[in-house]
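The values are calculated or read from the model by the stated rules, or taken from the named source; none is laboratory data. Given the structure is predicted, the values throughout are model-derived calculations rather than measurements. Every residue, glycine among them, receives a Cβ derived from its backbone with ideal geometry; neighbour counts consider all protein chains shown.
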Amino acid sequence: MNITYYGHSFLLIKIENNGYSYSVAIDPFITGNPLCPVTPDDLKCDYIILTHGHGDHFGDTQTIAKSNNATVIATAEISYKMESLGIKTHGMNIGGLFKFPFGSVKMTIAHHSSSMPDGSYAGDPAGVIIKSGDKTVYHAGDTALFMDMKLIGEMNEINHAFLPIGDNFTMGIDDAVKAAEFINAETITPIHYNTFDVIKVDAEEFKRKLESTGKQCKIMNPGDTIEI
């Protein structure tokens, strides 16, 4: 499993499963994202997973889905909206799991809000757990710290977790350090920070505090790729 970070909360995951290759984008916020080094035309993917409907996560979903004939995986409410626009969708909800050709996706709780860029209702916000083969990735979406992260950690052997640290709209650094303790992933990467002035924080401070607890932190710059 190969993961590229494109700034904010946008990941592109490349997965080999049963002899086939799949590309899965999560929260593809490109246009208006000053940290993103690619354009919507650059992106090739088979699936798009949305944690919620806000513009800085929904981003360029409509353009990318149409140009790639990609399937959008999102809450039922977002999927209805996408269907009405002629986009292939798979609707889910919190607590649900579905097996796709690339692996399974489970939607988890996220404490946040959610609406579409036009202000319409988008259901509940979510985090997502992706499992393929013996690898598990958790993208927390936009969220506050919550106690059930302990259950997420206990019920899933997470190899890599992506946690927001930007504060103001989500967890800040100290809460994200506690979240990492609850989740107990092998490695944590901070996301959702420094895109705008209101969420500017020092990722190195997060790394220092996290590693002082014995956890491993991998800061990724936009465009960086890791393999897990």
Review point. How many residues does the stretch 117-174 hold that are on the phi > 0 side of the Ramachandran plot and surrounded by 24 or more Cβ atoms within 10 Å (Cβ to Cβ)?
Key: 1
Study note, to complete from the structure: Exception for Ser23 within (1) within 24 Å of Thr75 (Cβ to Cβ); (2) touching a Gly at 6+ places or on another chain (Cβ under 6 Å); (3) surrounded by fewer than 21 Cβ atoms within 10 Å (Cβ to Cβ) falls at (2)
Check your understanding: Of all residues in the stretch 177-228 being acidic (Asp, Glu) and in contact (Cβ under 8 Å) with a residue 60 or more places away in the chain, which is surrounded by the most Cβ atoms within 10 Å (Cβ to Cβ)?
Key -> Asp224
Review point. So which residues in the stretch 184-228 are under 14 Å from Leu163 (Cα atoms), in a loop (DSSP other than H, G, I, E, B) and among the aromatic types (Phe, Trp, Tyr), if there are any at all?
Key: Tyr193
Exercise for review: Enumerate the strands (runs of 3 or more DSSP E) found wholly within the stretch 114-183, keeping only those where 1 or more residues are at pLDDT 95 or above, of a type in the set (D, E, K, R) and in contact with a Lys or Arg (Cβ under 9 Å, 6 or more places away or on another chain).
Suggested key: 126-132
Check your understanding: Looking at this structure, is Leu97 more than 15 Å from the chain's Cα centre (by Cα) and surrounded by fewer than 15 Cβ atoms within 10 Å (Cβ to Cβ)?
Key -> yes
Practice item. Hey, could you check the stretch 69-89 for residues that are of a type in the set (Val, Ile, Thr) and under 14 Å from Asp27 (Cα atoms) and say which is surrounded by the fewest Cβ atoms within 10 Å (Cβ to Cβ)? Key: Thr71
